[in-house]
Amino acid sequence: MNNQILITTTNTIENQEIESYIEIISTNVVIGTNFFSDFGASLTDLFGGFSGTYQNKLQKIYNIAIENLKKKAKRIGANAIIGLKIDFDEISGKGKSMFMISALGTAVYIKERPDSKESSSKGNVANNAISFIELNNEVTKFHVIDKIKNKKLPSIDEWTYLLSNPLEEIADVLIDNYIVINPKYIDEKPEPQKLLFENLPTYIQNIDKNFTINLLYDKIDGESNLILDLLRMNKLFNSEKIKQLIKRGYISTAIECLKIDKDTYDENDINEMNGIITLFDELPDLGRIEMSKGLLSKSTEVFICPDGHKNNSTEIFCRHQNSDFILDCQLNIKGVSEKQIKEIEVFKLKVDTLEKLLKR
């Protein structure tokens, strides 16, 4: 079988045996309506009631969608796509309109026929040819990488390319620019930052998961709200990375990570998740219990929280109040709040439930 991907709208391929059905694959190509901005000015292009310019541009994004679908098929070991379906639609929101083409099909592996070597050798020239789409994509790729290196953010047309052809080489820089944006003031930001804020979450979805997990978790520090949002949106729960956070002392962030989901769980996850629970159970004491002596009274035990506030020794959580008489600490001797303890308990219940489900 040559390196080409066969693609058909039917559920079978004539004279070919489907050896395995791999999975359903899909792709979406979203184009700004400015892509068709010259349509209104191209009425002279009408022939027989059709606009050649309009059709050419439709054909262009159709070809992009097909190429993207073929790339996905190759990545998962397929050599054919059956049941191809194409859908065109217009989407709008916040005063903006976008044009979207969706392509859907089933990736399969078809058995190599004995005579395929002969037919393959006859088609070597075609197989080694480069389509104009591949060429344009490579040119755009180098242009975008160079632009990011020069500390410039992608334009709307470049985001259209990136959402269909995500580049791992620039993900690090894009995320660094994304996490410093304050969502409260996004409407006041320049257009490139608005586009970054709107498109990066979708862009992240299209990158290899293991690459994204390593990149995002390693960027976590004390102020990681937007990173946590990206992890939650993309269901990037990772036990090993959470254990590393606990060992690095990012306890509050690690507890927030317990709320992240994962697409699927197996028995290995049970052991890894129990490892997280063990680390929380074995957290060292950051506060202390010590004797305190008053001026006219005997010595008494006091609980000093990790932030240095003194409490009655019977208190489990710090009861320190700020100038407005509001509890502003509430940490136990290990530096964990009552709310966080409850979140750990919810995680323990999740692990217990998962274990029971897997045993079924």
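Across the stretch 81-105, the qualifying residues are those that are at pLDDT below 65 and of a type outside the set (Gly, Ala, Ser), and the one among them that is surrounded by the most Cβ atoms within 10 Å (Cβ to Cβ) is Lys96.
Listed here are the residues, each with its yes/no results for (1) assigned to a helix (DSSP H, G or I); (2) assigned by TED's automatic domain parsing to the domain that holds Pro306; (3) over 30 Å from Glu345 (Cα atoms); (4) touching a strand residue (DSSP E or B) at 6+ places or on another chain (Cβ under 8 Å).
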position: Ile175; (1), (2), (3), (4): yes, no, yes, no
position: Val180; (1), (2), (3), (4): no, no, yes, no
position: Tyr185; (1), (2), (3), (4): yes, no, yes, no
position: Gln193; (1), (2), (3), (4): yes, no, yes, no
position: Leu200; (1), (2), (3), (4): yes, no, yes, no
position: Leu215; (1), (2), (3), (4): yes, no, no, no
position: Lys243; (1), (2), (3), (4): yes, no, no, no
position: Glu256; (1), (2), (3), (4): yes, no, no, no
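Could you say whether any residue in the stretch 234-241 is over 26 Å from Thr278 (Cβ atoms), surrounded by 15 or more Cβ atoms within 10 Å (Cβ to Cβ), at pLDDT 90 or above and within 12 Å of the chain's Cα centre (by Cα)? Within the stretch 234-241, none of the residues are over 26 Å from Thr278 (Cβ atoms), surrounded by 15 or more Cβ atoms within 10 Å (Cβ to Cβ), at pLDDT 90 or above and within 12 Å of the chain's Cα centre (by Cα). Taking the stretch 68-84 as the range and being under 19 Å from Asn206 (Cα atoms) and either out of contact with any Asp or Glu (no Cβ under 7 Å at 6 or more places or on another chain) or aromatic (Phe, Trp, Tyr) (or both) as the test, the residues that pass are Asn68, Leu69, Lys70, Lys71, Lys72, Ala73, Lys74, Arg75, Gly77, Ala78.
Within the stretch 137-168, the set of residues being modelled with pLDDT of 85 or more and not in a helix (DSSP H, G or I) comprises Asn150, Lys151, Lys152, Leu153, Pro154, Ser155, Leu167. Checking the condition among the acidic types (Asp, Glu) and either in contact (Cβ under 8 Å) with a residue 60 or more places away in the chain or exposed (fewer than 12 other Cβ atoms within 10 Å of the Cβ) (or both), which residue from Glu315, Glu290, Glu272, Glu267 passes? The conditions single out Glu267.
Residue pairs whose Cβ atoms lie under 8 Å apart, sitting 6 or more positions apart in sequence or on different chains, and linking a residue in the stretch 136-148 that is in the same structural domain as Asn177 (by TED's automatic domain parsing) to a partner that is surrounded by fewer than 17 Cβ atoms within 10 Å (Cβ to Cβ) and part of a helix (DSSP H, G or I), are Ile145/Glu169; Ile148/Val173. Restrict the check to the stretch 215-226 and report whether at least one residue is buried (at least 19 other Cβ atoms within 10 Å of the Cβ), among the hydroxyl-bearing types (Ser, Thr, Tyr) and in contact (Cβ under 8 Å) with a residue 12 or more places away in the chain. Among the residues of the stretch 215-226, at least one is buried (at least 19 other Cβ atoms within 10 Å of the Cβ), among the hydroxyl-bearing types (Ser, Thr, Tyr) and in contact (Cβ under 8 Å) with a residue 12 or more places away in the chain, which makes the answer yes.
The strands (runs of 3 or more DSSP E) found wholly in the stretch 261-360 and carrying at least 3 residues that are in contact with a Gly (Cβ under 9 Å, 6 or more places away or on another chain) and not assigned by TED's automatic domain parsing to the domain that holds Ile242 occupy 299-304.
The values are calculated or read from the model by the stated rules, or taken from the named source; none is laboratory data. Please read these numbers as outputs of a predicted model, since none were measured by experiment. Cβ coordinates were reconstructed from backbone atoms using ideal geometry, including for glycine residues, and neighbour counts include every protein chain displayed.
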